[in-house]
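Notes follow once the structure below has been shown.
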Amino acid sequence: MNTKRTALAVAGAGVLAGVVGLGVLALPAGADEPPPVLPQISAEQLVESVANAKIPALAGKVSAQENLGLPIKLLDGIGSASVWADGQNRFRATLPDRTSEKTFVEDGGTAWIWDSAENTVTKVPHGQEATPEKLAGKDPATIGKDLLGLVRQYSDVKVDGTARVATRPAYELVVTPKPTERTLLREIRVAVDSETRLPLRLQVLANGQADPALKVEFTELTVGPQDANLFKFTPPPGATVKERTDSDVPPDPAKARKGMEDFLSGLNLQFVGEGWDTTAVAKLPGDLNSMLGQAKGNGRGQGMDVNSMLKSFAKEVSGPYGTGYVFSTKVATALVTTDGRVAVGAVPEQVLTEAIGQVK
């Protein structure tokens, strides 16, 4: 396994997850409003300033939308989340569901997670949080430079004008695959607040699609002091409280990465290709037919024809690899062969056909 590639992928995913988790993303203003006039800035300067940005005191609402082309909506039921920060590393967020909500509070020494549906509270002592910096073992500025350097091998990165997001002026940072890259993705756009340098909106656009396949954004954002009581948490009456211990979360990031690599090695996971063409391939524990038979036998497949279910949202295919099924969305494709091989990537079917032949 390419340890450098895996580490950078984990770092990138961690940075993105942290941004989304804190709700630092936002909604464009009306189409009739002209874009703001801002000082010129290079992509390098913008990325470095984002990596070094500190989250200020703020309050806002965040929404997420997806149009991936799946038979189900992954974000269905998620309304507008609310987020707060005090500028001193204390945060609060509420994520609503149809009939319940989850509340996250970081009070400066402890993180609290309350699930109203289960009336359970998880207490996470300070120092156990899996921050991007801990996962990567680097400071934010270094992460930003490493990611920009890696991305630029396969992409064009530029500042493409300005936008107004949740009434705030922002730069539009755009990452576009180079013409030689074989990918379903057209571009990734991030609107960056001109003052705070916080990402305000993330859009993932696929080829041949006018609307974003994924968009996470602020619908409201106010920067300024917040009520200190927002960052205090007392478990609700009757709630079950569990304290996360060191046994729940590996304290050493190196051990966490080693555990992840061991897990992936157990699946015989490999990466084929580079850049936007990268495909993850693996060999399942058995062939597809035997696994479907086991699903029926243990009750999970009772009352349904598993093969018919597969055919309802996948295409039967054949090729040099034998036979199997292809699952397609606007941003990714997966190929599963009947002998138990799998290939997944943000690429067309032909790229998966080439990659799956390398599964051992």
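The values are calculated or read from the model by the stated rules, or taken from the named source; none is laboratory data. Predicted, not measured: the structure shown is a model, and the values here were computed from it. Cβ atoms come from the backbone with ideal geometry, glycine included; neighbour counts cover every protein chain shown.
In the range 183-205, the qualifying residues are those that are among the acidic types (Asp, Glu) and surrounded by 14 or more Cβ atoms within 10 Å (Cβ to Cβ), and the one that is nearest to residue 278 (Cα to Cα) is 187. For the range 335-360, a residue qualifies if it is surrounded by fewer than 19 Cβ atoms within 10 Å (Cβ to Cβ), closer than 30 Å to residue 176 by Cβ and of a type in the set (Gly, Ala, Ser), and exactly one does: 357.
When we screen 161, 208, 238 for residues that are exposed (fewer than 15 other Cβ atoms within 10 Å of the Cβ), of a type in the set (Gly, Ala, Ser) and not in a loop (DSSP other than H, G, I, E, B), the only hit is 161.
If the condition is being touching a residue at least 24 places away in the same chain (Cβ under 8 Å) and either more than 17 Å from residue 161 (Cα to Cα) or among the acidic types (Asp, Glu) (or both), then the range 178-206 contributes 178, 181, 182, 183, 184, 185, 193, 195, 196, 204, 206.
Filtering 255, 283, 215 for residues that are under 24 Å from residue 113 (Cβ atoms) and either at pLDDT below 60 or surrounded by 13 or more Cβ atoms within 10 Å (Cβ to Cβ) (or both) leaves a single hit, 255. Residue check: is residue 187 acidic (Asp, Glu), in contact with a helix residue (DSSP H, G or I) (Cβ under 9 Å, 6 or more places away or on another chain) and farther than 21 Å from residue 52 by Cβ? Taking the combined requirement at face value, the residue does not satisfy it. Before we move on, is residue 176 β-branched (Val, Ile, Thr), modelled with pLDDT of 95 or more and out of contact with any Asp or Glu (no Cβ under 6 Å at 6 or more places or on another chain)? Taking the combined requirement at face value, the residue does not satisfy it.
Matching residues to (1) among the hydroxyl-bearing types (Ser, Thr, Tyr); (2) in contact with a helix residue (DSSP H, G or I) (Cβ under 6 Å, 6 or more places away or on another chain); (3) outside any strand (DSSP E or B); (4) closer than 24 Å to residue 44 by Cα:
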| residue | (1), (2), (3), (4) |
| --- | --- |
| 149 | no, no, yes, yes |
| 157 | no, yes, no, yes |
| 170 | no, no, no, yes |
| 180 | yes, no, yes, yes |
| 183 | yes, yes, yes, no |
| 201 | no, no, no, yes |
| 219 | yes, no, no, no |
| 225 | no, no, yes, no |
| 230 | no, no, yes, no |
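All told, residue 183 meets the bar of being among the β-branched types (Val, Ile, Thr), in contact with a strand residue (DSSP E or B) (Cβ under 9 Å, 6 or more places away or on another chain) and at pLDDT 95 or above.
Note on the range 71-87: residues that are out of contact with any helix residue (DSSP H, G or I) (no Cβ under 8 Å at 6 or more places or on another chain) and either at pLDDT below 90 or assigned to a strand (DSSP E or B) (or both) total 11.
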